[in-house]
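Take a look at the structure below.
Taken together, the values in this text are just the output of simple stated rules run on the coordinates, not laboratory data. This one's a predicted model, so the numbers in the text were calculated from it and none came from an experiment. Heads up, the Cβs are rebuilt from the backbone with ideal geometry, glycines too, and the neighbour counts pull from every protein chain shown.
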Amino acid sequence: MRINHEKFLKYINNLAVLLKNEQLYSPILLNNETIVFHFVDNNKNCLVISLNHDNPLLYLIEKNDFYSSFENPQFLKLKKEISNTSIIDITLKNDDYIVAITLKKEDELLDKTIILYIELFPKKPNIILTTSGNIIINTFYADTKRKFSNGEKYIFPTPITYLENKNTPLPNFNNHYANELEIRKKEKYASFNNYINGKIKAIKRKIDNINNDVEKANKALHLKDDADIILSENLNLKSHKDCLIIDGKKIQLDIKITILDNVTSMYKKAKKAKETILLSNKNIENAQKEIDAYNEILARFNPSDEFKADKIMQEIGMIKKKKEIKQTVFNTPYKINYNGTIIYFGKNASQNDYLSFVMKLDREFTWLHIKDKSGSHIVICNKKPTEKELLLAAEISLLCSRAISGEVIYTKKKNVRRGHSLGEAILKNYSVIRINNISKETKELYSKIVH
């Protein structure tokens, strides 16, 4: 039974009011069927789009847990299009369970509106991204029975009449989200137990093979005694025999070689058997230690704590460790100490990227860049910079771009988002300061830092 359409419509209308102009972070794929959006200026809520086949939903919850995103080529294409956007409107379309989220690209150079259609149909939910004119840009989790092609116009499907109960309340969204997290754990860690148990089984097979070798080696130990008995007899060692019977004991020989060569071979085999037994005992001991280590990993593995679970999976090589961007001589930004206030600036794409998106600086600090030109990223390490600090940083921005005058934009660092290329920045909003000429003091200070 579907949720009541009238109640869901009211809920969507409330969402539209609540989330209007909210800027979205890059979305994450929580599990293979659920997308989660966080907001730049709202750290209490997240928007969930669940394409669960049994109960697809869209809802806002009071959660701000950040999880790593699943990797999915189809999702990555969608993510690229909808990152750094702001919500203009949220509506329910076609008198059906189709939610349309109108988004505006946060790009000072491009005024672009796109629409994210979420078809919340049981058994066949879809996400379709279109232009403002409903031309399909991308799709996610598309229903295989319907054909979606990029560049074609999106057409609403024929509405289906669902069995509804007007008295049925909206679902408990927190419970629904908790269920999505459980699905995430199963999908993310389903292979873990199989991987570890597979390793243990492989080691046990190795131990069985070693024990078989030991059994064969034990049977070969008597060859030394047989060789000693043969040499104690007065025999023609250069003769060929297929066997010898000495004191009632039958000793099998290889007739193709002499008795002496048989004796030599017996000593070698007995020596090798002894070495095999000694080495096998050590190998079995080491193998058992490996089994104990894997059992210990199983015991301490807890999928509820993703950080620790991922760390364990990294230890055993199941997932790769995330590469940390380290500070080097190539990406270290320049630094000016102006009356106790630190001002950083970059002179190349690597330094700009490191300064704006990697360095652990307060998000309330002031960020600057020359307007409408490529140039340096600059950060004033002050939440409320003085007029002199702002003027100095703006003049440095011009000097970095070899300009003698011009406009410089500035905003809070929290309003700056990483673009698609190294050093590219996308701004939510900004103010402008006009510099007509650069002071001698700034030029001297700059020349001391940049040689």
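Taking the C-alpha atoms only, the angle from helix 73-82 to the longest principal axis of the chain is near 20 degrees. To test your reading of the geometry: what angle, between 0 and 90 degrees and rounded to tens, separates the Cα axis of helix 259-300 from the longest principal axis of the chain? Around 30 degrees separate the two axes. Compute the helix-to-body angle for 5-19: its Cα long axis versus the longest principal axis of the chain, expressed 0 to 90° and rounded to tens. Result, in degrees: 80. For the range 50-137, applying the loop criterion from DSSP together with a ceiling of 11 other beta carbons within 10 Å to the trypsin sites (Lys or Arg not before Pro) yields K123. For GluC sites (Glu not before Pro), the sites in the range 24-100 that DSSP calls loop and that have at most 10 other Cβ atoms within 10 Å are E62, E71. With a Förster radius of 25 Å applied to the C-beta separation of S439 and N43, the computed FRET efficiency comes to 0.05. Over the chain, Cα pairs under 8 Å with separation of 6+ residues give a relative contact order of 9 percent.
Fewest neighbouring Cβ atoms within 10 Å first, the residues H222, H5, H369 line up as H222, H5, H369. Can you tell me how the range 5-171 classifies by the Cα gyration tensor, rounded, prolate or oblate, using a/c under 1.5 as the rounded cut? Cα axes put the range 5-171 in the rounded bin. Per-residue ellipticity at 222 nm computed for the chain from its helices equals -13000 deg cm²/dmol, with DSSP H segments shorter than 4 residues left out and the rest contributing -39,500 (n - 2.57). Pairwise inverse Cα distances across the chain, averaged and inverted, put the Kirkwood hydrodynamic radius at 28.6 Å.
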